[in-house]
Each structure stands twice: as C-alpha cells, then as structure tokens.
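Undergrad: Quick one: the structure is below, questions incoming.
The values are calculated or read from the model by the stated rules, or taken from the named source; none is laboratory data. None of these values were measured; they are calculated from a predicted model. Methodologically, a virtual Cβ is constructed for each residue, glycine included, from the backbone with ideal geometry; neighbour enumeration extends over all protein chains shown. With ligands, DNA and RNA removed, areas are computed over all heavy atoms of the protein, side chains included. Shrake-Rupley method; radii C 1.70, N 1.55, O 1.52, S 1.80 Å.
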Amino acid sequence: MEQPTVTKAIKALAPNAEFSYDTDGDGNWTITNWYSDDIDQPSNSDIEAKLTELQTDYNNKQYQRDRAVAYASIQDQLDMQYWDNVNSTTTWKDHIAKVKSDNPKPE
C-alpha cells in the first residue's frame, strides 16, 4: 500500500475523472484542469476529507507493512514447515507468533 496522495483522493471520489493539479512549495494543491465534463468535480473540502480518510486508513495499517518485512520469505517459511514436520518442532509457528506479537494489530 502506498502513501495516500491528492490523486488517489480524487480518484476515490471520481474514479473515471481525468484532471491535472499543481502543488506549490508549501504542499498546497489546486486542480488546474478538469477534463471530465460528464463527471462533477469534487470540492476541495471533499477531496481534503477523503485524503484524511485515506491517510487514517494508511496509518491504521502500519502493522501490516511492518509484518510484511518481518516475515521470513515464503521459501524459508515452507522450509520451516517441512523441517517442523520432520522433526516435530514448531519453528514456523513460533516465527509467525513472534512477528505478530512484535507487530500487534491495533484495536
């Protein structure tokens, strides 16, 4: 999942819209062209609200991104499972449990 952007917020409100916008040095943005005559241009306040919603969702899923980099590769996990089966161990389950406990899902 990528960081939310103005483009993503506008596309969430008007999925088929074609547009362009400019951003100044302070990060303020303005829609400069709205090419979709058959689609209503969302207001700046609607776009800002959607951007805030997308950012909140992104922030709430940080644990997923943290887990994704903490998990061993699929190849290594399959190897752990194989050897756990052969040796009656719990290496794979222990690995998964540690990643989950180190990166808990927020409540």
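Undergrad: Counting just the residues of the stretch 1-33 that are acidic (Asp, Glu) and more than 20 Å from THR56 (Cα to Cα), which one comes out least open to solvent (accessible area, probe 1.4 Å)?
TA: Here the residue is ASP24.
Undergrad: Of all residues being part of a loop (DSSP other than H, G, I, E, B) and open to solvent by 80 Å² or more (accessible area, probe 1.4 Å) in the stretch 34-58, which is modelled with the lowest pLDDT? Just the residue, please.
TA: My answer is ASP37.
Undergrad: Could you tell me whether TYR71 is over 17 Å from the mean Cα position of the chain (by Cα) and in contact (Cβ under 8 Å) with a residue 12 or more places away in the chain?
TA: Here the answer is yes, as TYR71 does meet what is asked.
Undergrad: Search the stretch 61-79 for residues being open to solvent by 60 Å² or more (accessible area, probe 1.4 Å) and among the aliphatic types (A, V, I, L, M), and hand back the single one that is farthest from PRO4 (Cα to Cα).
TA: Applying the filter and picking the extreme gives LEU78.
Undergrad: Ok, one more. Tell me, which residue of the stretch 80-99 that is touching a helix residue (DSSP H, G or I) at 6+ places or on another chain (Cβ under 7 Å) and part of a helix (DSSP H, G or I) is nearest to GLN64 (Cα to Cα)?
TA: VAL99
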